[in-house]
Every structure is written in structure tokens, then in C-alpha cells.
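Notes follow the structure.
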Amino acid sequence: MTNFKIIRQIFYQFLIIISVALVFELIYKGLKISSFYNTIENILFSVLLLSPLYLISYRKIQSVYIYFVYLFFCLCIYFETVYYYLFDTFLSASSLFVSLESNRSEAIEFLNFYFDSKVIIFSVILFIIVALSVYRLTSNLNHFNNQSKRALIRVSICVGIVVAFLKFSALIVYNLPYLILKSSTEYALESNKLGNYKTNSTGDFTNVSRPVINEDEVYVVVLGESTSRAHFGLYNYYRATSPKLTSIKDQLSVYNDVISAHPHSITSITKLLTLGNYENPDKIGDGSIVQLANSAGFETTWLSNQRPIGVYESLVTKIALSSSRTNFLTTIQGVHNKVMDGALLPELETILANNSSSKKLIIIHLMGTHVNYVNRYPEDFNTFTDTPLSNYKSNKIFKTINHYDNAVLYTDYVVSQIIQKIKTLNKKSFVLYFSDHGEELFKDYNMAGHNEDISTKDMYDVPFLLWQSENFKEHMQLESVVDRPYMLDDLFHSLADLLEISAQEVDLERSIFSSKFKKRKRIILKNSEYDTYFNLD
């Protein structure tokens, strides 16, 4: 048997896996051009993985190599197929970038939320096929002969052609190892940009100044998670998911057209709290609102119910570490605990009772309506149990929407409690609440969650509410134009405006609260204008 025939026999084992994955996609997602492209990429990738066999002389090394690349290839096929089934799109560097910021607890929640019987059946079938194929692999190598230099040259030329074709045809964007390498590199670069936030707590701002205010000040920024404006009762959702905030609506400025820059937390938060924005994404390392507040003499506190990967690893946590003090509840109580956002309230009371500073900025990071939604509210808030309105119908979908709406209801309670606690202080204060991004709930797409590769309107639309104490209103007299179109990548400037901090880097034309505000195009997905993309003009 010639070497080519031996390689062909081994290639068939790869082709079986590719075929099984394609059949699974066709059954549950139908025939799409992207599946065809991905299949071509998988075939070419398997050819690349097999080519080094011509360069290996020792039989044992050949056996180890073929086992390794085959199992590696099968894992790649498995993950990309399951991801495509769940989200109707193939993996991208963006989605892998998000996964690098997830911890084990979040991964377990993700699996519990999305995996179903079809994925389990596919997993079992693939496992059986792989087990049978592994048994056959090395027996094909027994008659594999060493190659002549001419054959090696031909193989090298073939590999070069395949790699060039993958690159210039753009099929390489379907390749999982390439995406992992690309996203890991991007993650490292972004992390390096934020690396000095802990050691440089005041930043490098120019000409920082603030009026002298001879009274106590307490300002609270409540950063929500995955909460869509479309499911907020305060924004005319058909369910009363925000009864407490609605009851004090006359005390709130409710902004109607605020969107996130991205439908996932990492890039959204690293922009909205820093100088980074669409026009200047690299400026996320040039300074955050926490550093600016420190520079202006505030005592800053980061109070979080989010699970950091590790105190020195999460990109968002790096921003938090420049605060005067940080408190991550789930770090204290363990990553496996389902800590409710209500646990933040007594921690807030402790911070408020501390008289160490007359100027306080407190950032509260909620778990909000992050999946798995059923874990985001206590049983007392299990209010919505009837059949919800939905463009997609199934008992599982109905339960998911109900869990989400109950989680919104609990967020309403937590935010209203925060406002009440600040209100009773009778100090110069405000509470600003918004979410980092929204969430799709079976409205425009048959899914629950957020994914920039899909991008629906509800993934971008977020609630944005401002409560002000009476003496804050008298002092500031903000221009409140609640219908201003605004994107949260400019929030740094709005927060600086609210805190009355001036600096060369602060641009009031980018503050939603300023009379100098200028409307700008809200660009999403690298080069699409939000209003045009969703046909709102």
C-alpha cells in the first residue's frame, strides 16, 4: 500500500467526523452557505494536520502524533458544531474573547442553561465514532515508508497552497485553533492596556479640577447586567416588571434611547468606564472614571456581585482595582454560591455608615439578569408564571421568559432599595442605573442571551435612569433631555459631568446631561450605524 493510500485511509476517519457534524447541522439548522464554507475549511484543515506525517520517520512518534491531532480535530469539530446549533452562527474571535473572561461557575451556568437532549445525543454519537476510529488509526501506519526529498517538497508545496487558500479565501475565520490564537492575542493586548490601573490609582489626567463643595456628597453608579430595556416595565413593557421604580417615576429621569456599544460585558464595560470609545478603542488604558474621581479627591468604592476570574485577571476587575476599596461578594462567599444582588444592600449600608470621607463615589456591579435567569431572584419574586407573549412558542421558552422577567422584577427591587437608602441620607447625591448591555428573549431570534455575531436590537437597548436628591437638583440644574440618542461608550464624560470634575480629557459634548451635548453616529459592529442597521430612521 502506498503512502498516499495510507494517508487516504486515515483521512476517511476525519471525514466521518466532518460528515456527522454536517448532518447534525443540516437536520437542525437547514442548508446554509456558511455550513458549506465551514465544511470546506474542516476538510482542508484535516489535510494540513495529516501532512506532517510525511516528515516523521519514527513509527511511535507517528502513532502519538496521529492520535493527538485526531482527538484535537474532533474536539474542534464538536465545539464549533454545538456552538452553531445553539446560536445559529459559527464561533468567532469575539465570542472566544468573551469566553476568556468567563470563570468556571459562569461556564457551568452556561452549560446548564443551553444544553438540551439534542446536544447530548450528538455528544454520545460523536464519542462512539471517535472511540471506534481511534482503534483503527495506527494500524494504517504499519506500512508507511520514509519519504524521498522530492515527495517532501511536493507535500510542502501542497501545504503552502492550502494555507494560502485558507487565508486569502477568508475560510480561515472558520478555523477554531486560529480563532483561539487570535482571541488570546487580543485578550492579552487588552489586558496589558489595563495593567497599570491598580498601581496608578489617579491616572494621568491633565488639569483636573472641581468646585469646592462644603457639604457631604454620596454618588452611586449601579451597573446592571444583561437587562434589556424591552423587558423593563418602566419602558411600557406589558408586564409590571419594575413596579417600585415606576411608583417613583416622577423622581426619576428616564432616558429612552440609550444603547450599549457592544452586546457583551467585557468590551462594553471597558469602554463605558474609560476614555475608550468607538473612535478611540485603544484609549481604554488611558484612564477610567474611577481614576478621575480619585484624582478629584473622592473616596471610591467598587462593590460587586460579579464573579471575577481572579482579582488580578479579569479585565473589568482591573478597572475596579484602582478604587480606594473593593468588595467582591462572590469571592468572599465562594464561586459556587448563587448570591442574590440583595446581599449588596447591607454592604452598601456599611459603606454609607463609614464617615472616613465627605465625598464618596460608589460603583455597584449587579449580577442583574445574567444567565441562568432562575438563579437571579429569590422564590418570593417568582411572580410571572403564566404564558408570556413570544414570537417563538414552547414550554421551555415560556419558562425562560418568565425567569428573566422575575429577575428584572428583583433588579427593580434592588435598585429601588439603593435609591431609598441614598435618599434617607439627605445629602447631595444621585443614583444612576443602567445595564452594560441588553438581552434577546425570543423576540427577533429564537434564542435567549446575547451574542455579537447575531446582534438583535434588544441586545443593545438598555434602561438608563437617574435619581437626584433635592439639593443635587438645586445645585446642578441638569439639562434633562430624555430622548437624546446616546451610546454608553461615552459614559465616562457623562459621569465626569455629573461629578462636576473638569479635566482636559473630559468632553462635555459627549455628556448626555450637558447643554453642550452633540449628537453623534452610534456605530456598532465595527462599521454599522445603529439606527440604520435596525431600520429606525
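Coordinate-derived values only; no laboratory data. Computed from a predicted model, the values in this text were never measured in an experiment. Reconstructed Cβ throughout: ideal geometry from the backbone, glycine too, with neighbour counts over all protein chains shown.
Taking the longest Cα principal axis of the chain as reference, the axis of helix 344-353 is set at about 40 degrees.
Once you have the alpha carbon radius of gyration of the range 173-220, what is it after dividing by 2.2 N^0.38 Å, with N set to its residue count?
2.09
Shape class of the chain from the Cα gyration tensor (axes a ≥ b ≥ c, square roots of the eigenvalues): prolate, since a/c reaches 1.5 or more and a/b is larger than b/c. Per-residue 3J(HN,Hα) values for the range 27-34, derived from phi via the Karplus relation 6.51 cos²θ - 1.76 cosθ + 1.60 with θ = phi - 60°, read 5, 9, 10, x, 7, 9, 5, 5 Hz in sequence order (x marks Gly and Pro).
Eigenvalues of the alpha-carbon gyration tensor of the range 214-533, scaled by 5 and square-rooted, set the equivalent ellipsoid semi-axes at 28, 23, 20 angstrom, largest first. Inter-label distance, E479 to K423: 2.9 nm, where each label sits 7 Å from its Cα along the C-beta direction. Counted over the range 214-533, the DSSP beta bridges are approximately 35% antiparallel.
Between D286 and N391, the modelled labels are 3.9 nm apart [label points 7 Å from Cα along Cα→Cβ].
Counting Lys and Arg as +1 and Asp and Glu as -1, each charge on the Cβ, what is the dipole of the range 214-533 about the Cα centre in debye, to the nearest 20?
300
The helix-based estimate of mean residue ellipticity at 222 nm for the chain, built from -39,500 (n - 2.57) per DSSP H run of four or more residues and divided by its residue count, is -14500 deg cm²/dmol to the nearest 500. Most simply put, the chain has about 35% antiparallel DSSP beta bridges, counting only bridges with both residues inside it. Set the Cα radius of gyration of the range 437-518 against 2.2 N^0.38 Å, with N its number of residues, and you get 1.37. The value of relative contact order for the chain, using C-alpha pairs under 8 Å at least six residues apart, is 20 percent. Between E225 and G368, T369, D436, the built amide H atoms are under 5 Å apart, and every one of these is 5 or more places off in sequence or on another chain. Under 5 Å between amide hydrogens, built in the peptide plane, is the criterion, and for I524 it picks out E529, Y530 among residues at least 5 positions away or on other chains. Remark: for residue pairs K338/K359; K427/K473; K118/K399, the C-alpha separation exceeds 21 Å in K338/K359. Please identify which residues in the range 199-234 have an amide N closer than 16 Å to a label point set 7 Å out from the Cα of N535, following the Cα→Cβ vector. Within reach of a label on N535, which here means backbone N under 16 Å from a point 7 Å along Cα→Cβ, the range 199-234 contributes nothing.
Phi-derived couplings, Karplus 6.51 cos²θ - 1.76 cosθ + 1.60 at θ = phi - 60°, listed residue by residue for the range 416-425: 5, 5, 4, 4, 4, 5, 6, 4, 5, 6 Hz, with x used for Gly and Pro.
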